[in-house]
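For reference, the structure discussed in these notes is given below.
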Amino acid sequence: MQDNKILIVDDEPNIVRSLSFVLNKEGYDVALAADGDQAMQMIRGSKPNILFLDVMMPKKNGYDVCREVKSDPDLMDIHVVILTAKGQENDRQKGLLQGADEVITKPFSPMEIVARVKELLG
């Protein structure tokens, strides 16, 4: 079975807690980062399979992290899911233009996320 490493990058404790709880319960290896700089260090260090990325974060926003990951040949195969509180279509488009594989609007159901992860990691 392939690696099941997931990195959640969000500065909202409630989202981090609920996502990491349900994903850990399903047996995934979950790591957490609170800002974009920390996220990039962790991504380069452990190369997760899936990256859940909040847009609004301190230091480096989610769009910047996504662009950095997708422009790096060693990291570009990481599946990037942008999490945003902004539900407008242009925000969705912006995330996809930065290279995100998908954009999910908050609030979302943690079980919806688990189902998506199972599809992606098989």
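Each value in this text was obtained by applying a stated rule to the coordinates, not by laboratory testing. Everything numeric in this text was worked out from a predicted model, so none of it was measured. Using ideal geometry, Cβ is built from the backbone for each residue, glycine included, and neighbour counts are taken over all protein chains shown.
General observations
- When peptides 106-113, 18-25 are sorted by average Cβ neighbour count within 10 Å, with the highest value leading, the order is 18-25, 106-113.
- Sites GLU119 and ASP37 - FRET efficiency at Förster radius 35 Å, r taken between beta-carbons, to 0.05: 0.70
- One decimal place: the segment GLN88-GLU12 gains 25.3 nm when fully extended, by the rule 0.36 nm per residue minus the C-alpha distance.
- Take every pair of alpha-carbon atoms less than 8 Å apart whose residues are at least six positions apart; their mean separation over the length of the chain yields a relative contact order of 24 percent.
- Prolate/oblate/rounded label for region 9-122 (Cα gyration tensor, a/c 1.5): rounded
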